[in-house]
Structures are given as C-alpha cells and as structure tokens.
Ligand SMILES: [Zn+2]
Ligand SMILES: [Zn+2]
Ligand SMILES: [Zn+2]
C-alpha cells in the first residue's frame, strides 16, 4: 500500500534527522514529553455528515493524516497562520511548541518538513543565528567588547550630550540625559520631553576602566556562553531557523479542466444553484480559499464545493490535502473532488474519512453524469419535504437516535 510506504519512509526520515542532532536535543524532548497530549482522534466539529458515514477502514493510516489535519486546525487558530520556532538560547534548543498539541515531540522538525513536501505548509527563513564554530549545537552567543590596548573587558561606553536649545554640552559620565531622573537640563533647567528631538549626541567613544585608554573602535568578539570562550565574528557559523506557514490553496486553471467546469456550471445552474467559478471564500479561520466551483442552494443555504485536479501519475495524498485544507476551513455542506486521473492507494480512504466525494473517471462525461446523479439525489431529498433543510433534519434525527434522547 503506497500510503503505508510513505509514512514508513517519513518515520525513517525522522529517525535519521534526530540522530543528526546532538544527543542534547533528545534529552530536551524528554523534558517536554510529560506535557505532551495523548494523541487523540480528531473531533470534526459541525460536520454531522461525518457521523452518517460509517468508517470501517481498519487499516486507515490514522496517525499521520489525522495529525496533519489537527495541526492545520491549530495553525488556523494562530494570528498569522504561521508556526514560529521557539529558541532556548541558554540551552541552544530550537522547538515548535504547537507540535505538542498533536502529540508530536516539540523538536520534530522532520515532521514539519514532511508537511512541506506534502504541499500543506510553506517554509520560510525566520532567523539567521550566529553560532560558535566549535559548538554549533549551542545557539547562545553574546557580543563582548575589549580594550584594544590592554584587552580588558571593563570597557565603558562614553558620549557627549548636547542640549540643542541652550547649547549645553556634557560628557555622559557627568550628566546622563538618557537616565529617567534627568529630565531637566542642568544648564537652562528646561524640561526634556523628547530626547530624540532635543538632545544631540555629537561624539561617542569607549574608555577602558583598567588602562584609561580612550578609543573609537573596541575589539568585538562573540562569546560562546555554554562553553565559555570567545570566537571571532567572522569565524561564526550561521544557523537558519524556519517558520512554517499554511500554504494558500491554489487552483489549477489548466485547460483540461475548463470543459468539465463549463459543463458543471450548466448542470448546477439547471438545478437552480447559485454557482460561481474560482470564487474566494473566507473560512472559519479567516483564511481565504479559492474554490474552483462553489454552488449554493438559495432555499436551504446548503453549499457544494467542487475541486478538480488532474495528475498524470495519479492523485496522491498531496492533492487530497490541498483540498482538505479549504474543505475543513470553509466547511461546505458537500465537497466533491473530481479527477480524470487515477487514484493512488490510501487516497480514497482519506477522502471517505473526511466526507469528500471523490469521483475519478478517465471519461469526463462520466464524471458529469455522476455529479448529476449525486446532485439530483440531494435535490430530490430537499424537495420532498416542506422543511427548508431536510438533509440537516435527517442528520439531527440520526443524532437523536444515536444519543437515545429526545
Ligand atoms: Zn563554543
Ligand atoms: Zn585597557
Ligand atoms: Zn539646556
């Protein structure tokens, strides 16, 4: 089964990546393991349809795909839909706390990178850290200034202050305009209300407290804090940290889908759906998703989102995920995924699991007629009853029966 193979190779990837990191990285993960949530099934809110579909797929690859979906939902709750790294400079550790919410270790960068290759996340440079060339695993370095003459660290920064209004000039060691208590010019007694505007710094230098040398350029070294030694700024290495952002769902506008789209539009309009092509819909998270075909029944407010994608070597999990993201966020009444390509192993189960009607047929006219039979069933269900939304009431009936209460 292709899906299994894939998740296995992802595991292997994680392992090798872990080994590449220092052992301290693993120690760190164990510190956090206490607070890790148990990996739990994904609650699918407001999606009653899910409950109508019995899930009887014993070999459904639960861990990787439902974790991804949960992570997507967690990211959608973030302000800028971006996972940012958390850096413990003292310990030299990099981690992503959000991962603990889906039962992953917080330093499982390989898991996030896997979602990048799956087309769910997009990876961006967050920061470039300068690290010690001898101990690149520790991120904590600080800047140190030394006296160029005696190499003492006891260096003071000195400068002149000038009160622009009265022309009073003083050394910072005599009177420090930047300190909070000194809001009054000692010469003209006027209040300093805006430091930036009223005070000029005409000169700046360093002074060594040990040898009293005054100098313009201190010797600058970086200090490896954990192993307590200096290194030259130029010898430092860079560590790049990354943030991960939810990829915007993009729509393939290739010509091989345009005929299907035209036919679908005609079909849906024939059923009196208000139908739009390539429309931008705002999801629950506030993210905007482009949906190839979005139809709305005016009498019930029920919606249908149709995605069309073709892939020469078959539809795989990546394509399905790119539909899953807008599906979960926009939450239409029905979601269809149409393709003239083949379907790779595991994708059908994934679609079923999340209530996506997957139609694959090399003959486009067959696809249209399958959509037609789906829509006409749905349409007739709605027309039989007087109630505005028979499907919804059907679902709540189901819920009542299930709950055993009235
Ligand atoms: Zn070092
Ligand atoms: Zn000195
Ligand atoms: Zn003054």
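The values are calculated or read from the model by the stated rules, or taken from the named source; none is laboratory data. The structure displayed is predicted, hence computed values, not measured ones. Here the Cβ positions follow ideal geometry from the backbone for every residue, glycine too, while neighbour counts run over all protein chains shown.
Observations, loosely collected:
- Selection within region 224-240 - part of a strand (DSSP E or B) and away from ligand 1 (no atom under 12 Å from the Cβ): 238, 239, 240
- Per-region count, region 78-116, residues part of a loop (DSSP other than H, G, I, E, B) and touching a helix residue (DSSP H, G or I) at 6+ places or on another chain (Cβ under 6 Å): 6
- Selection of region 148-163 for residues being in contact (Cβ under 8 Å) with a residue 12 or more places away in the chain and either under 46 Å from the mean Cα position of the chain (by Cα) or within 16 Å of ligand 3 (Cβ to nearest atom) (or both) yields 154, 155, 156, 157, 158, 159, 160, 161, 162, 163.
- Filter result (touching a helix residue (DSSP H, G or I) at 6+ places or on another chain (Cβ under 9 Å) and either more than 9 Å from ligand 1 (Cβ to nearest atom) or modelled with pLDDT under 90 (or both)) within region 121-136: 121, 122, 123, 130
- Residue pairs meeting the criteria (Cβ under 8 Å; at least 6 apart or on separate chains; first within 16 Å of ligand 2 (Cβ to nearest atom), in region 130-145; second not in a strand (DSSP E or B)): 144/153; 145/153; 145/218
- Residue in region 206-224 that is more than 36 Å from the chain's Cα centre (by Cα), within 26 Å of residue 163 (Cβ to Cβ) and surrounded by 15 or more Cβ atoms within 10 Å (Cβ to Cβ) present: yes
- Boolean, residue 176 is in contact (Cβ under 8 Å) with a residue 60 or more places away in the chain and either loosely packed, with under 12 Cβ neighbours inside 10 Å or more than 14 Å from ligand 3 (Cβ to nearest atom) (or both): no
- Any hit, region 137-146, residues being more than 16 Å from ligand 1 (Cβ to nearest atom) and either touching a strand residue (DSSP E or B) at 6+ places or on another chain (Cβ under 9 Å) or not assigned by TED's automatic domain parsing to the domain that holds residue 323 (or both): yes
- Residues that are more than 16 Å from ligand 1 (Cβ to nearest atom) and touching a helix residue (DSSP H, G or I) at 6+ places or on another chain (Cβ under 9 Å) within region 193-223 comprise just one, 220.
- Only one of 274, 295 that is outside any helix (DSSP H, G or I), more than 18 Å from the chain's Cα centre (by Cα) and buried (at least 22 other Cβ atoms within 10 Å of the Cβ): 295
- Search result, residues across region 305-325 that are at negative phi and in a loop (DSSP other than H, G, I, E, B): 309, 310, 311, 312, 313, 316
- Residue within region 157-176 that is in the same structural domain as residue 198 (by TED's automatic domain parsing) and within 16 Å of ligand 2 (Cβ to nearest atom) present: yes
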